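Novice: First, the structure itself, so that you have it in front of you.
None of the figures in this text is laboratory data; all of them are computed from the coordinates on show. The structure displayed is predicted, hence computed values, not measured ones. Cβ: placed from backbone, ideal geometry, glycine included. Neighbour counts: every protein chain shown.
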Amino acid sequence: MPGTVWIGIIAALAAGAALGAYLMYRYQSAMRRKELENIEELTEKILDGKKLTAKTPGEETMIAKTEHQLIRVQEMLEGRTGDAEKSRDEIRRLIAEIAHQMRTPLANMESYMELLRETVENPDGSPGADGNPDFPADACLSALEQSERKLRFLVESFVKMSRLDQHVIQIRREESDLLKTIRNTFGQIRGRAEEKKICFDIDLPHTARCMHDPNWLGEAVFNLLDNAVKYSLPGGVIRVSLTENEMYLKLCVRDYGIGIEPGEENRIFRRFYRGKRVTDQEGFGIGLYLARKIVNLHGGFLIAKRMNQGLMIEMNLPVSRERKSA
């Protein structure tokens, strides 16, 4: 009898354990099914573009962890979508700006080509088809060449801007002579300065070295000098100085030209921006934009300062670590 009782008890316990295991299995299966349904619902919301919200914040369950990860995935996708939309808007804006900038030289070329065609068709000097006297062929050719140079400059500038913005071109910085880079730009700008009878007052130290790409930084310096020459009055003076402190090498380009209006100190570095005081000076508002982009890629920055007469632009380049520790 006692043995039979023990056998019954053991059988009951085994049956209870089996039933408990079965019920636990059914419960866990139901929970897993519910978690999978929740995950499916979350993924469908992501695909439908709906915003996810955490339903189980702070919990350590599998669904809570998966929910958190899916929310992070959605945030990353939204960020990339926003970046893509921003890039598309930037491309549209750039295309519109390019079209606007190219419209004038293209229109000029079309007009002078028409005049040149009339001159060829009327070699005896009789009036052209529009009733006007023939325009001299050499003047037409000169105007066409000028428009062609403007278009070439625009195209080359657009390519540089695009490559710098997209980091296609890498700035290759090396420890080299900054004075040599600066002096080379004076040779490039001399012809334009002589046309306006502008002289330079230059104050440079005996030595100055820093990490930079001579070609690209030389272009930035040239753009600063070219800007100063362009907006200086004929017969004016441009002062150029280079100083050094513990942190930066500071190149200052100071002109006594038309200057800028209050509040334009940062605007003049925008792409295609031209100051409110600009009248008949040629330009497209590209040089200072490129200069700032190049200097920023060198770890430096540009500052524009309004003066009582004219403008001063400071180019600040970081001193190399070796010189800081020396």
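Novice: What is the set of long-range amide H partners of Arg209 at a cut-off below 5 Å, with H atoms built 1.01 Å from backbone N?
Specialist: Leu178
Novice: Same structure, new question: For Lys50 and Phe272, what does the FRET efficiency come to when R0 = 51 Å and r is the distance between their Cβ atoms, rounded to the nearest 0.05?
Specialist: E(calc), rounded to 0.05, equals 0.80.
Novice: Right, here's the next one. Which ³J(HN,Hα) values, rounded to whole Hz and listed in residue order, are derived for the range 281-287 from phi using the Karplus coefficients 6.51, -1.76 and 1.60 in 6.51 cos²θ - 1.76 cosθ + 1.60 with θ = phi - 60°, glycine and proline given as x?
Specialist: Along the range 281-287, the couplings run 6, 6, x, 10, x, 10, x Hz.
Novice: Neighbouring Cβ atoms within 10 Å as the yardstick, rank Cys199, Cys210 fewest first.
Specialist: Ranking Cys199, Cys210 by Cβ neighbours within 10 Å, fewest first, gives Cys199, Cys210.
Novice: Still on this structure: Among all the lysines, which ones have a C-alpha under 25 Å from Lys150's C-alpha, if same-chain residues fewer than 8 places away are not counted?
Specialist: Lys160, Lys196, Lys197, Lys230, Lys276, Lys293
Novice: Return the long-range amide H neighbours of Leu249 (sequence gap of 5 or more, or a different chain), with a cut-off of under 5 Å between placed amide H atoms.
Specialist: Amide H neighbours of Leu249, under 5 Å, 5+ apart: Leu317, Val319.
Novice: Could you work out how much longer the chain between Leu204 and Asn296 gets when fully extended? Use 0.36 nm per residue separation minus the Cα distance between them, nm to one decimal.
Specialist: Gain in length upon complete extension: 30.9 nm.
Novice: Spin-label point model (7 Å from Cα, Cβ direction): what's the Ala107 to Asn245 distance in nm?
Specialist: 4.8 nm
Novice: Further, regarding this structure: Could you list Val319, Val155, Val240 in order of exposure, starting from the residue whose Cβ has the fewest other Cβ atoms within 10 Å?
Specialist: Arranged by neighbour count, lowest to highest, Val319, Val155, Val240 become Val155, Val319, Val240.
Novice: Measure off 7 Å from each Cα along the Cα-to-Cβ vector at Asp138 and Val159, then give the distance between these two points in nanometres to one decimal.
Specialist: Label-label distance for Asp138 and Val159, simple model: 3.3 nm.
Novice: May I pose another question? Sorting Asp201, Asp280, Asp165 on the 10 Å Cβ count, fewest up front, what's the list?
Specialist: Asp280, Asp201, Asp165
Novice: Oh, and also: Students often check this: by mean Cβ neighbours within 10 Å, which of 252-259, 14-21 ranks highest, and how do the rest follow?
Specialist: So the peptides 252-259, 14-21, ranked by packing, come out 252-259, 14-21.
Novice: I need the Debye-formula profile for the range 144-274: one equal scatterer per C-alpha, no solvent, reported as log10 I(q)/I(0) at q = 0.12, 0.18, 0.20, 0.22 1/Å, two decimals.
Specialist: -0.57, -1.27, -1.44, -1.48
Novice: What residues have an amide H closer than 5 Å to that of Ile198, excluding those fewer than 5 places away on the same chain, when H is modeled at 1.01 Å from N in the peptide plane?
Specialist: When sequence neighbours closer than 5 places are left aside, the close amide H contacts are Gly235.
Novice: What FRET efficiency would be calculated for the residue pair Asn308, Glu114, taking the C-beta separation as r and a Förster radius of 45 Å, to the nearest 0.05?
Specialist: So, using R0 = 45 Å, E works out to roughly 0.40.
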